[in-house]
1. On the basis of being part of a loop (DSSP other than H, G, I, E, B), touching a residue at least 24 places away in the same chain (Cβ under 8 Å), among the basic types (Lys, Arg) and surrounded by 23 or more Cβ atoms within 10 Å (Cβ to Cβ), does Arg56 make the cut?
2. Within the bounds of the stretch 78-89, is there any residue that is closer than 15 Å to Ser37 by Cα and in a loop (DSSP other than H, G, I, E, B)?
3. Output the residues belonging to the stretch 93-119 that are in a strand (DSSP E or B) and either within 21 Å of Val265 (Cβ to Cβ) or at pLDDT below 95 (or both).
4. Quick check: is even one residue across the stretch 98-107 without any contact (Cβ under 8 Å) to a residue 40 or more places away in the chain and not aliphatic (A, V, I, L, M)?
5. Can you find a residue in the stretch 273-288 that is part of a helix (DSSP H, G or I), on the phi < 0 side of the Ramachandran plot and buried (at least 18 other Cβ atoms within 10 Å of the Cβ)?
6. Could you list, in sequence order, all residues of the stretch 298-339 that are more than 21 Å from Pro158 (Cα to Cα), part of a helix (DSSP H, G or I) and among the aromatic types (Phe, Trp, Tyr)?
Amino acid sequence: MKNVKRLIKYVGVFIIIILVIALFRPTWTSNIKGDNSISVLEQVEINGTKQQIMIRGHDQNNPVIIYVHGGPSVSEIPYAKYEDLLEKDFTVVNYDQRGSGKSYHFNEDYSNLTADVLVDDLLELTDYISKRFGKEKVILIGHSYGTYLGTTAAYKAPEKYEAYIGIGQVSNMQESEIDNLNYTISEAKKAGNTEDVKYLEGIAETIYKGEAAVPRGYVGKYGGATRLINMSDGEILLSREYNLLDFIRYNYGVAKTQEQLVKEVFDKPLPKIVTKLDLPFYFVMGKYDAMTSSNAAKNYFDRIEADQKEFISFEESAHYPLFEEKEKFYKWMCDTFIK
C-alpha cells in the first residue's frame, strides 16, 4: 500500500513538472541564416499595450509585408511555416492583435474592444515597421476578419501602403453567410448526412435574417475552411512560438472578444464603410471558401472604386489560399511586387 501511495505521489509530481515546463517553456521562431536576414519574436508597445510581433525574412532590404490575422482573435503566428517561400523575397511581419494570443493580457479590460481600436493599432504598427525598416510604404495583407481591419486601414491611410491584398475577404456578412449556409447544406446532402442537413436547415432563418453565422465546425467538416492542408489547435501547441500559457491566452482572447467583434461586422457591413480605395488592391479568394463567400466578395469588389484592382481566384483552395496553394501565391506575389 505504501508503495502504491509513493508511486501516486511521484506520478503527481512528474505531471506537475511537465505542466510547469509546458506553461513556461521559452518560445522563439526558427533562425534564418544570412548576413541581412531577420527572425525575431518579440513584444512591442503599440498604443499603450504590449503586442507580440514576429518578423521573418532572408533580406531586410526586401519589400515588407504586414499580415493581419483573422478570427476575430485567432492568431496565425503558429502557422508561419506556410510562409517559408514568401520569406525568401519579402520581410513578413505577423502580429497578434490586441486581446489575441500572445497579446492577450489577463490584467487588461477588453470589454470595449472595437474594430476602430484594432485599426488604430494597425496604423501605429505600420508606422513602427516602416520606420524600423526604412520603408516609405509596405504591403498590407488581411486575412478573413483581418480584411475588415485591413480594408479600413487602407481606406483611412492609403499613403502608408504600396497595395492592399484581401485574402478570404469580408464583404456583406449577411449575404456571405447565406452563401456559406447553402454551400454547407449542399455538401451535407451530397455526403448523405441527413442529421447535419436537418440541423443546418433548422438554423436557416437566423442566417437569412443576418443574426448569426454558420457554425464553423460544419463549414470545416465539408471543406469550406481548408481542403489541401489540415489546421488544428494541436499545431498551435506544437509550434515553437507558443507555449501552453500562450495557448490559454489564445483561448481566453477568443472567449472574451470574438462575439462582440463579430457582431460589429454584422452591424456595420464593410461595403457601407469603404466604397473607394486610393491605392491598388487585390482580392485573393479560394473557390471553395465557405467562411467568407467568394461570390459575396466579388460583388463587393465590383462596387469598390479604384484606379487599379484585381480579383484572383484560387481554384483548389477554400479559406486559406496563401497556405493551401502557397507556391501559386508566392509566384503571384513575386510577379506583382518584385520589380
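1. On the way: part of a loop (DSSP other than H, G, I, E, B): no; touching a residue at least 24 places away in the same chain (Cβ under 8 Å): yes; among the basic types (Lys, Arg): yes; surrounded by 23 or more Cβ atoms within 10 Å (Cβ to Cβ): yes.
No, not satisfied.
2. Scanning the stretch 78-89, I find at least one residue that is closer than 15 Å to Ser37 by Cα and in a loop (DSSP other than H, G, I, E, B), so the answer is yes.
3. At the first step, the residues of the stretch 93-119 found to be in a strand (DSSP E or B) are 93-95.
Correct list: Tyr95 only.
4. Going residue by residue through the stretch 98-107, those that are without any contact (Cβ under 8 Å) to a residue 40 or more places away in the chain are 107.
Cutting the leftovers down to not aliphatic (A, V, I, L, M) gives us 107.
Within the stretch 98-107, one or more residues are without any contact (Cβ under 8 Å) to a residue 40 or more places away in the chain and not aliphatic (A, V, I, L, M).
5. We begin by selecting, within the stretch 273-288, every residue part of a helix (DSSP H, G or I); these are 273.
Now drop any that are not on the phi < 0 side of the Ramachandran plot, which leaves 273.
Next, only the ones that are buried (at least 18 other Cβ atoms within 10 Å of the Cβ) stay: none.
No, the stretch 273-288 contains no residue that is part of a helix (DSSP H, G or I), on the phi < 0 side of the Ramachandran plot and buried (at least 18 other Cβ atoms within 10 Å of the Cβ).
6. Phe323, Phe329, Tyr330, Trp332
Conditions tested, residue by residue: (1) β-branched (Val, Ile, Thr); (2) in contact with a Gly (Cβ under 7 Å, 6 or more places away or on another chain); (3) touching a residue at least 40 places away in the same chain (Cβ under 8 Å); (4) over 30 Å from Trp332 (Cβ atoms).
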{"site": "Asp179", "(1), (2), (3), (4)": "no, no, yes, no"}
{"site": "Glu201", "(1), (2), (3), (4)": "no, no, no, yes"}
{"site": "Pro215", "(1), (2), (3), (4)": "no, no, no, yes"}
{"site": "Ile229", "(1), (2), (3), (4)": "yes, no, yes, no"}
{"site": "Pro280", "(1), (2), (3), (4)": "no, no, yes, no"}
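Yes/no per residue for (1) closer than 19 Å to Gly210 by Cα; (2) under 21 Å from the mean Cα position of the chain (by Cα); (3) of a type in the set (Lys, Arg):
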residue: Lys263; (1), (2), (3): yes, yes, yes
residue: Pro271; (1), (2), (3): yes, yes, no
residue: Leu279; (1), (2), (3): no, no, no
residue: Gly286; (1), (2), (3): no, yes, no
residue: Tyr300; (1), (2), (3): yes, yes, no
residue: Ala306; (1), (2), (3): no, no, no
residue: Ser313; (1), (2), (3): no, yes, no
residue: Leu322; (1), (2), (3): no, yes, no
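The values are calculated or read from the model by the stated rules, or taken from the named source; none is laboratory data. Please read all numbers here as calculations on a predicted model, not as lab measurements. Please note: Cβ atoms are built from the backbone with ideal geometry, for glycine as well, and neighbour counts cover all protein chains shown.
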